[in-house]
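What follows is a single structure, written as structure tokens, with notes after it.
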Protein chains: 2
Amino acid sequence: MKDLKKKILTSVADDLVAIEKALEKNLKPHFDLVAQTARHILFAGGKRLRPLLMVLAARLTGNNNPDAATLAIVFEYLHAATLLHDDLVDDASVRRGKKVAHKVWGNATAVLVGDFLLARSLTIAADTGKIKILKIIANITENMSQGEIEQLNRKKDLDLSEADYLEVIHYKTAMLIEGACRVGAIFCDASAANENALAQYGYHLGMAFQMADDLLDYTADSEVLGKQAGADLREGKLTLPLIHALQNAGAKDRAGMVDTILKDGFSRTDFVWLLDLLNAYGGIDYTQKKAVAHIEKAKIALLAFEASQTRRLLEDIADYALARQV
Amino acid sequence: MKDLKKKILTSVADDLVAIEKALEKNLKPHFDLVAQTARHILFAGGKRLRPLLMVLAARLTGNNNPDAATLAIVFEYLHAATLLHDDLVDDASVRRGKKVAHKVWGNATAVLVGDFLLARSLTIAADTGKIKILKIIANITENMSQGEIEQLNRKKDLDLSEADYLEVIHYKTAMLIEGACRVGAIFCDASAANENALAQYGYHLGMAFQMADDLLDYTADSEVLGKQAGADLREGKLTLPLIHALQNAGAKDRAGMVDTILKDGFSRTDFVWLLDLLNAYGGIDYTQKKAVAHIEKAKIALLAFEASQTRRLLEDIADYALARQV
């Protein structure tokens, strides 16, 4: 897997440089604190997955536009804005091994700098002059906030079904990734068929990406993850591994799992015990299979395009989304 | 003054009905909690000043567009979004006599519903198909968040100058009102001259409106105000009456004022004493005169238009902005 990551990073090295430059250049706040807080979240070792996907989607249409990297950062700013607000909403402490912004500068600054980044991305998107792009971004923002609200509203809700979970991750994660791919296509005046193929790719990649994330929260090494494993459970977020295992567990195990979910805080022993049950009742395996199926669909969507280096790269990214350790 | 208010309200009764309908109709969230929280802030007896100004600005151009009321609610949603976030930022307790949203539903919901309302306004604005309108709204949002951050950053900052204060209120208040007037003009394809005249009107009205607000925080009856007087001082916000008085006070009085500003919490006696000094050193009077000057300029800007019932109404609103008790 390290080889796949290396291969991808080598292929997109120039794009990543262009994206980093655009991220810094477009951070034009009038006041110092905004820049400082925005940089804290923006330059903390993010993968730049969303802007990269936009740039590659644009390139795959065959009408490469040199300004793609500038527009692409809209998706990193939007992502950073939601991270600032979500860390506050979830009362998280650490992200990517760093103290979260609201613990450094306080809630107020995190809220307002999130608002600023959201607004900044709109300004950049408006500069394209394409109303269709702005409609998509407005729609994504609207739905992301609703997805987060629903997730918040259903914390520790044992009735959360797989369908509910799928809706939440569609809203909070897949839509932004889908949007990045679709906007890349629109920016390069792709045909409707190609635009939809790229949107499909982004949607399935986004769904798989979130499922992989939710799996990592149970299976990853805390040090690699940059935050403590079990964070979702600690925050009362029920994700697919747990939802599936709860559904299939016998009455006694289910009761034990429910106790662990509902109590405030749990020990390392509780967590290891729960993880065993997630494995025993197929929660881990089921989620992995679901994610694999989405990745397959993502790659099938790309078949609307001729084979090319860019298509291959998007396929590799899809594979990597599943295999990543962090 | 009650007569002026009554006169205005009678003249705009139909517009207010159309705005209320559009506010309710466009609140299309997918999840219940969003609707509930958004309604709490949206239907708490707001004056609808911003959407009303957009509708009247549109009408003044002579090209009345029946869809103006729908677009106008963008400015109420944006306003509500900033109130949700600002009440949290300021840790306020009561607004318009009601418990603030984050005290009812928690910080997380207030943050996310604010985000939702912001996004919802973008979607509505995008439906106009006018990229210029979206650029203005993105710019307003960007600057409003920066104005709030600057205000937050300079709480209890005794070096805050009149110029700093003017910049903050321009960003956090005047820009949105200016934007509402400008967008009304653009929506009706007004000439550049008319667009700028309406923007000027909005800018000056907005500046005066915030100055009047800052005066009311010292002079209004708490019951009429719907929150406790002295809230700005309690939050460490230095506004023009205080900035001006500090500048003109003798060393002894200044030291006493500084003590009151810097200490956590103050008694009713402290507040009355401070208010006497604001009067004695001309802070109240100076702010009032500044506000009057802005209102004069707002009315002068309207002279770009022929006399009409709508122009008269906008002049009345300017007068009322100064004279209002709440």
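The values are calculated or read from the model by the stated rules, or taken from the named source; none is laboratory data. Predicted, not measured: the structure shown is a model, and the values here were computed from it. Cβ coordinates were reconstructed from backbone atoms using ideal geometry, including for glycine residues, and neighbour counts include every protein chain displayed.
Couple of notes before you dig in:
- Just one residue in the set B:THR128, B:THR123, B:THR173 is within 8 Å of chain A (Cβ to nearest Cβ) and touching a helix residue (DSSP H, G or I) at 6+ places or on another chain (Cβ under 7 Å); that residue is B:THR123.
- Residue count for the stretch B:95-111 under the criterion of being closer than 21 Å to B:GLY46 by Cα and facing chain A (nearest Cβ under 8 Å): the result is 2.
- Residue check for B:TYR286: over 17 Å from B:VAL168 (Cα atoms), out of contact with any strand residue (DSSP E or B) (no Cβ under 9 Å at 6 or more places or on another chain) and crowded, with 21+ Cβ neighbours inside 10 Å: no
- Check on A:LYS6, without any contact (Cβ under 8 Å) to a residue 60 or more places away in the chain, part of a helix (DSSP H, G or I) and under 21 Å from A:SER308 (Cα atoms): yes
- Residue check, B:ASN194 within 11 Å of chain A (Cβ to nearest Cβ) and either among the β-branched types (Val, Ile, Thr) or in contact with a helix residue (DSSP H, G or I) (Cβ under 7 Å, 6 or more places away or on another chain) (or both): no
- One residue stands out among those in the stretch B:144-154 that are buried (at least 22 other Cβ atoms within 10 Å of the Cβ) and more than 7 Å from chain A (Cβ to nearest Cβ): the one that is modelled with the highest pLDDT, which is B:MET144.
- Any hit, the stretch B:64-74, residues being at the interface with another protein chain (Cβ under 9 Å from one of its Cβ atoms) and modelled with pLDDT under 90: no
- Single match in A:ASP189, A:ASP159 (criterion: free of Cβ contacts under 8 Å to residues at least 24 places away in the same chain and out of contact with any Ser or Thr (no Cβ under 7 Å at 6 or more places or on another chain)): A:ASP159
- Taking the conditions (1) part of a helix (DSSP H, G or I); (2) within 13 Å of chain A (Cβ to nearest Cβ); (3) within 18 Å of the chain's Cα centre (by Cα) in turn, B:ALA92 satisfies each one other than (1).
- Residue check for A:TYR165: in a helix (DSSP H, G or I), touching a Ser or Thr at 6+ places or on another chain (Cβ under 9 Å) and of a type outside the set (A, V, I, L, M, F, W, C): yes
- Condition met for A:ALA126 (within 20 Å of A:ALA22 (Cβ to Cβ) and either basic (Lys, Arg) or in contact (Cβ under 8 Å) with a residue 40 or more places away in the chain (or both)): no
- Filter result for the condition that a residue is more than 19 Å from A:LEU322 (Cα to Cα) and either more than 14 Å from chain B (Cβ to nearest Cβ) or of a type in the set (Phe, Trp, Tyr) (or both), over A:LEU4, A:LEU16: A:LEU16
- Flag if A:GLU178 is over 21 Å from A:ILE41 (Cβ atoms), within 14 Å of another protein chain (Cβ to nearest Cβ) and under 17 Å from the mean Cα position of the chain (by Cα): no
- Only a single criterion out of (1) out of contact with any Leu (no Cβ under 8 Å at 6 or more places or on another chain); (2) farther than 21 Å from A:VAL17 by Cα; (3) crowded, with 23+ Cβ neighbours inside 10 Å is not satisfied by A:VAL111, namely (1).
- Options A:GLY236, A:GLY250: the member that is more than 24 Å from A:LEU166 (Cβ to Cβ) and out of contact with any helix residue (DSSP H, G or I) (no Cβ under 6 Å at 6 or more places or on another chain): A:GLY250
- Conditions (1) under 22 Å from B:THR82 (Cβ atoms); (2) away from chain A (no Cβ under 14 Å): number failed by B:LEU134: (2)
- Residue in the stretch B:19-33 that is within 25 Å of B:VAL94 (Cα to Cα), within 14 Å of chain A (Cβ to nearest Cβ) and assigned to a helix (DSSP H, G or I) present: yes
- Verdict on A:ALA180 being under 23 Å from A:GLU76 (Cα atoms), in contact with a Gly (Cβ under 7 Å, 6 or more places away or on another chain), buried (at least 24 other Cβ atoms within 10 Å of the Cβ) and modelled with pLDDT of 95 or more: yes
- The one condition from (1) of a type in the set (Gly, Ala, Ser); (2) under 20 Å from A:LEU4 (Cα atoms); (3) surrounded by fewer than 17 Cβ atoms within 10 Å (Cβ to Cβ) that A:ALA318 does not meet is (3).
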